1. For region 86-110, give me the residue count where each residue is over 18 Å from the mean Cα position of the chain (by Cα) and among the hydroxyl-bearing types (Ser, Thr, Tyr).
2. Have a look at ALA185, ALA152, ALA230 and point out the one that is buried (at least 20 other Cβ atoms within 10 Å of the Cβ), modelled with pLDDT of 95 or more and of a type in the set (Gly, Ala, Ser).
3. I'm trying to understand the selection: among the residues of region 247-282, which are assigned to a loop (DSSP other than H, G, I, E, B) and on the phi < 0 side of the Ramachandran plot?
4. If I ask for residues that are in a strand (DSSP E or B) and not small (Gly, Ala, Ser), which ones from region 1-58 would you list?
5. Please determine whether any residue of region 55-69 is aromatic (Phe, Trp, Tyr), within 16 Å of the chain's Cα centre (by Cα) and either buried (at least 22 other Cβ atoms within 10 Å of the Cβ) or not assigned by TED's automatic domain parsing to the domain that holds ARG247 (or both).
6. So the check is Cβ under 8 Å with 6+ separation or different chains; which pairs have a first residue in region 87-112 that's free of Cβ contacts under 8 Å to residues at least 60 places away in the same chain and buried (at least 20 other Cβ atoms within 10 Å of the Cβ) and a second one that's of a type in the set (D, E, K, R) and not in a strand (DSSP E or B)?
7. Determine if region 288-303 includes at least one residue that is charged (D, E, K, R) and in contact with an Asp or Glu (Cβ under 9 Å, 6 or more places away or on another chain).
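The values are calculated or read from the model by the stated rules, or taken from the named source; none is laboratory data. Computed from a predicted model, the values in this text were never measured in an experiment. Glycine also receives a Cβ, built like all others from the backbone with ideal geometry; neighbour counts cover every protein chain displayed.
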Amino acid sequence: MLTTPPLSLYVHVPWCVRKCPYCDFNSHEGRGELPFAAYVDALLADLDHDLPLVWGRVVHSVFFGGGTPSLMPPEFIDRFLQGASSRLRMAPGCEITLETNPGTAEHGRFGGYRAAGVNRLSFGIQSFDDGCLKRLGRIHDAAQADAAVKLAQDAGFDNFNLDLMYALPGQTLAMAERDLERAFALQPTHVSHYQLTLEPNTVFAARPPAGIPAEDDSWDMQEHCQAMLAAAGYGQYEVSAYAQPERQCAHNLNYWKYGDYLGIGAGAHAKITLGSEQDILRRWKLKHPTAYLAHAGTDAAIGGDERITLQRRPFEFMLNALRLVDGFSLTRFEASTGLPRAQIGAQLAQAEANGWLAIEADLVRPTELGRRFTNDVVALFLGD
């Protein structure tokens, strides 16, 4: 039987100051005064429209992503959270994360976000090297990154993530190590550390920058940085995620455990388990802010609906679960997909024979080799 997993809420804020050349997210350069008041109205209308999908369920985390959500003044975050709380059951201690760009941090804003109910921040630092930041097209420099984090700490935030990238154009191993040393000095509870990739439909994909490290050099950076993170007390729990004890990101963990999430905002995606129908629904909203604002709260704002077939569920589950260092239980696979474990028996046996997975009783865990070849492991579950 398909059972109902935990539920999260994702809120997309689509505007940014400038589109980064490596970014493939649904983000749009803001020009002039942005319509935040109208956008909050649209978000609440969007939420009202989708509420029947999740009646009575408890929300365990909220995540404001983008774009650059910290462009939105605190009073609008506050109005949205008040409206959402009147419509949804929020769990006690619900994790509420706001992504922020150091180039948009202003004195007093973090205090306003905290008063609104935000209790976790995620800073898009990427690097503490000004040359690397310039080559990435970022709007901030290292000094602004330091200052933004300290402003947040002064406002009372003690739970925050720093996003860092490695294998950047012109970056050496020593530079990647210095980035982590600068990060550790700020005492984040969580570090997201991931390799620059040239995503399709980005400026970098069309015109790759010079000086991207070779594959062997990138692997050296990853290994050295992983050792530094471990020595500093940050446990790796996902391919790119490291946290101090008990400080893992609850919202992202829910994604990786194939949990449910309601997605509102321009281009937002949702995955909802419909227990009474023994079905899983994916839904996404119109991507362009203008179109979304015009239709939010109506069927016309839905970019698409898709029911996940029984054949596709193993692949979707593995695409997320195999990113976790600790893997998953076969019991959870059955509950999350509504399929018997025998359905994936042959694929598990093949992955174990390849040295990609370690299987012990109910637990399936990727090996170190398996973590290096995650895409190959997941591909085994694609089906026909």
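1. Going through region 86-110 one residue at a time, the tally reaches 2.
2. Unique residue meeting the criteria: ALA152.
3. ARG247, GLN248, CYS249, LYS257, GLY259, ALA266, ALA268
4. Result: LEU7, LEU9, TYR10, VAL11, HIS12, VAL13, TRP15, CYS16, HIS28, GLU29, VAL58.
5. The answer is yes; a qualifying residue exists.
6. PHE110/ASP154
7. No, every residue in region 288-303 fails to be charged (D, E, K, R) and in contact with an Asp or Glu (Cβ under 9 Å, 6 or more places away or on another chain).
Conditions tested, residue by residue: (1) part of a strand (DSSP E or B); (2) assigned by TED's automatic domain parsing to the domain that holds VAL59; (3) closer than 30 Å to ARG79 by Cβ; (4) among the charged types (D, E, K, R).
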site	(1), (2), (3), (4)
ILE96	yes, yes, yes, no
GLY103	no, yes, yes, no
GLY111	no, yes, yes, no
SER122	yes, yes, yes, no
ILE139	no, yes, yes, no
GLN153	no, yes, yes, no
ASP163	yes, yes, yes, yes
MET175	no, yes, no, no
